[in-house]
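Enquirer: Encoded as structure tokens, here's the structure I'll be asking about.
The values are calculated or read from the model by the stated rules, or taken from the named source; none is laboratory data. Since the structure is predicted, the reported quantities are computational estimates derived from the model, not experimental observations. Virtual Cβ from ideal backbone geometry, glycine too; neighbours counted across all protein chains shown. Each accessible area value is taken on the protein alone, full model and side chains, heavy atoms only, with ligands, DNA and RNA left out. Shrake-Rupley method; radii C 1.70, N 1.55, O 1.52, S 1.80 Å.
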Amino acid sequence: MQAAGGAAGCGCKGIRSCLLCEGPAAAAPPPQGEDNFTYCPATGLAKGNEHSEFAGWAFPFPGVFLVEEFISEDEECEIVELMDRDDWKPSQSGRKKQDYGPKVNFKKQRLKAGSFTGLPSFSRKIVAQMKACALLSGFLPVEQCNLDYRPERGSAIDPHFDDWWLWGERLVSLNLLSKTVLSMSCDSEDTIQLFPVSRKEELSPTSPFMQTSACRNSGEEGTKCFLSPRLVPGKEVSVAILLPQRSLVVLHGDARYKWKHGIHRRHIEHRRVCITFRELSAEFSAGGRHEEQGKELLQIALSFQGRPV
């Protein structure tokens with residue numbers, strides 16, 4: 001679909017669209033795949049959804065760290081109130097945004113501080129609270145992006161990788177005002193090895209999988225039988241990560257570099273505000289080719305005196 005663009009409050013370009021520019025003729029949203037697995041924070045497994053062809057199967061899904069109730073209700077209200085004092089700029093696919101970061105041309109790999117004056121003052125406390133998470137030890141955010149999603153605009157974000165020339169391994173997002181679903185998808189032709197799991201017990205994918213009910217091939221009641229792993233193309237798999245209100249999620253490792261992340265329109269039921277923090281890549285960190293430029297940007301960012309650029 002070619003986005004009309006130009007509608008009041010619409011920031012869509014190219015193939016991107018939202019309810020503001022689609023008009024009344026587009027009653028159905030753009031095609032969106034169904035998630036057929038759901039991530040389980042307790043086990044680190046992506047488990048096949050009950051009504052999908054993968055029910056009863058699972059695979060390890062590393063690189064996700066989720067903290068529920070990362071901030072309190074009062075803190076959430078205060079943060080959003082402070083955000084709303086500044087303007088929200090129209091963005092793609094029905095979103096609005098506030099950026100705190102350097103001016104970047106990712107295609108040409110060029111950047112400059114520009115009008116960047118630092119992260120906002122309210123983020124100082126959020127960043128300090130992150131230090132309680134071992135995974136975020138040494139995490140120094142150099143950029144913050146606030147996104148506003150609303151169902152009446154048809155807000156969504158297409159599956160994508162965040163840049164890794166400038167941004168480092170850990171992507172940290174704080175989910176505010178409503179729950180949503182982060183959908184993880186993979187374009188790779190590589191296969192994923194699935195293992196059988198039961199509802200009553202969570203079996204480690206590194207151990208043999210055994211079914212204690214009747215073995216289909218033997219016909220003997222109570223016979224224990226081993227189920228072979230199942231191989232499926234990665235591009236046929238989509239994993240839902242459920243994000244409760246006020247939760248913090250970190251994507252790193254495989255979840256950062258091998259899986260695209262996005263949010264479907266149907267998963268925005270109420271207003272949602274997301275704060276995403278990004279760190280510098282190795283190229284802009286100590287010992288990297290652009291270490292000095294990285295130091296300059298961090299000094300600005302961590303002054304916590306910024307306004308949206």
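Enquirer: Would you check if there is a residue in the range 74-88 being assigned to a loop (DSSP other than H, G, I, E, B), in contact (Cβ under 8 Å) with a residue 60 or more places away in the chain, surrounded by 20 or more Cβ atoms within 10 Å (Cβ to Cβ) and out of contact with any Cys (no Cβ under 6 Å at 6 or more places or on another chain)?
Expert: No, every residue in the range 74-88 fails to be assigned to a loop (DSSP other than H, G, I, E, B), in contact (Cβ under 8 Å) with a residue 60 or more places away in the chain, surrounded by 20 or more Cβ atoms within 10 Å (Cβ to Cβ) and out of contact with any Cys (no Cβ under 6 Å at 6 or more places or on another chain).
Enquirer: Same structure again: For the range 101-117, indicate whether the set of residues that are within 21 Å of the chain's Cα centre (by Cα) and among the polar types (S, T, N, Q) is non-empty.
Expert: No.
Enquirer: What single numbered condition from (1) within 27 Å of residue 303 (Cβ to Cβ); (2) part of a strand (DSSP E or B) fails to hold for residue 65?
Expert: Residue 65 satisfies all of (1) within 27 Å of residue 303 (Cβ to Cβ); (2) part of a strand (DSSP E or B) except (1).
Enquirer: Hand me the list of strands (runs of 3 or more DSSP E) wholly inside the range 141-213 holding 3 or more residues that are open to solvent by less than 60 Å² (accessible area, probe 1.4 Å), more than 24 Å from residue 265 (Cα to Cα) and modelled with pLDDT of 95 or more.
Expert: 141-149, 167-176, 191-196
Enquirer: Would you call residue 18 at pLDDT 90 or above and open to solvent by less than 20 Å² (accessible area, probe 1.4 Å)?
Expert: yes
Rundown of residues vs (1) among the β-branched types (Val, Ile, Thr); (2) touching a Ser or Thr at 6+ places or on another chain (Cβ under 6 Å); (3) over 23 Å from residue 132 (Cα atoms), yes/no style:
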| position | (1), (2), (3) |
| --- | --- |
| 39 | no, no, yes |
| 46 | no, no, yes |
| 69 | no, no, no |
| 72 | no, no, no |
| 77 | no, no, no |
| 82 | no, no, yes |
| 97 | no, yes, yes |
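Enquirer: If you scan the range 49-65, which residues turn out to be open to solvent by less than 20 Å² (accessible area, probe 1.4 Å) and over 22 Å from residue 247 (Cα atoms)?
Expert: 54, 58, 59
Enquirer: Quick one: which of 268, 300 is among the β-branched types (Val, Ile, Thr), at negative phi and surrounded by 21 or more Cβ atoms within 10 Å (Cβ to Cβ)?
Expert: Exactly one residue qualifies, and that residue is 268.
Enquirer: Is it fair to say residue 75 is farther than 30 Å from residue 236 by Cα and acidic (Asp, Glu)?
Expert: Yes; evaluated as a whole, the condition is true for this residue.
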